[in-house]
1. Once you list every other residue whose beta carbon is under 12 Å from the beta carbon of T113, what net charge do they have if Lys and Arg are +1 and Asp and Glu are -1?
2. Filter the chain for me: DSSP H helices, axial length by Cα at least 15 angstrom, mean Kyte-Doolittle hydropathy not below 1.6. List them by residue number.
3. With no solvent and one point per C-alpha, what does the Debye sum give as log10 I(q)/I(0) for region 6-137 at q = 0.13, 0.17 Å⁻¹?
4. Over the chain, with a Gaussian network built from C-alpha contacts below 10 Å, which listed residue (L123, L64, L103) shows the highest mean-square fluctuation?
5. Between exposed GluC sites (Glu not before Pro) in the chain, where DSSP calls loop and at most 16 other Cβ atoms lie within 10 Å, what's the longest gap?
6. Where nothing but the Cβ of Lys and Arg (+1) and of Asp and Glu (-1) is charged, how large is the charge dipole of the chain around its Cα centre, in debye to the nearest 20?
7. Express the carbon and sulfur contribution to the solvent-accessible surface of the chain as a percent, rounded to the nearest whole number, probe 1.4 angstrom.
8. Which one of I121, G90, Q102 is farthest out on the positive end of the charge dipole of region 65-139, using unit charges on Cβ (Lys, Arg +1; Asp, Glu -1) and the Cα centre as origin?
Amino acid sequence: MRENDVLLLTISKIVIVIILTFGFYIFFNGHNGPGGGFIGGLVFTSAFILMFLAFDAERIRQLLPFDFRYLVVGGNIISLSTLFLPLFLGDEWLTQYDEYFQLPVVGEMHITTVTVFEFGILLTVLGVVMTILLTISGDQT
């Protein structure tokens with residue numbers, strides 16, 4: 001490791017937390033304003049890219065020991081479940097359900113099927129972009 005990498009490592013730890021926090025904000029703001037799963041997924045991807053640039057790839061693989069291609073499959077399953085779940089419950093396609101949850105730190109949170117759909121899109125975008133970037137860089141097998 002070169003001496004000037006210390007600054008990159010120190011700053012990137014702080015910036016990654018800021019980017020991930022901003023990604024959560026964009027994701028949860030998406031069904032009420034600009035943002036959502038696609039843009040939130042791209043913001044999350046930028047945090048992962050910074051991780052791979054700042055830290056050793058082997059260290060990142062130890063911290064994140066999964067294949068990003070599985071996120072694509074999982075994201076698609078989650079998104080498609082919002083289509084088929086109403087059919088199993090006897091409602092029409094794409095019927096929207098909503099529920100209020102009481103969370104310890106956040107307080108009351110309103111979750112709808114749109115939020116679940118957007119979360120699936122977020123996982124799909126994160127998986128696709130990271131798989132493409134890792135394949136281009138030669139780190140993905």
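The values are calculated or read from the model by the stated rules, or taken from the named source; none is laboratory data. Note that the coordinates shown come from a computational prediction; the quantities given were computed from them, not determined experimentally. Here the Cβ is made from the backbone with ideal geometry for all residues, glycine too, and neighbour counts use every protein chain on show. Only protein heavy atoms, including side chains, enter the accessible area calculation; ligands, DNA and RNA are left aside. Shrake-Rupley method; radii C 1.70, N 1.55, O 1.52, S 1.80 Å.
1. Taking every other residue near T113 into account, the sum is -4.
2. Span-like helices, by this rule, are 5-29, 37-54, 113-137.
3. The Debye formula, applied to the Cα set alone, gives -0.64, -0.98.
4. Comparing L123, L64, L103 in the GNM, the peak value goes to L103.
5. 4-91
6. For the chain, the charge dipole is close to 400 debye.
7. 69 percent
8. Projecting each Cα onto the dipole axis, the largest value belongs to I121.
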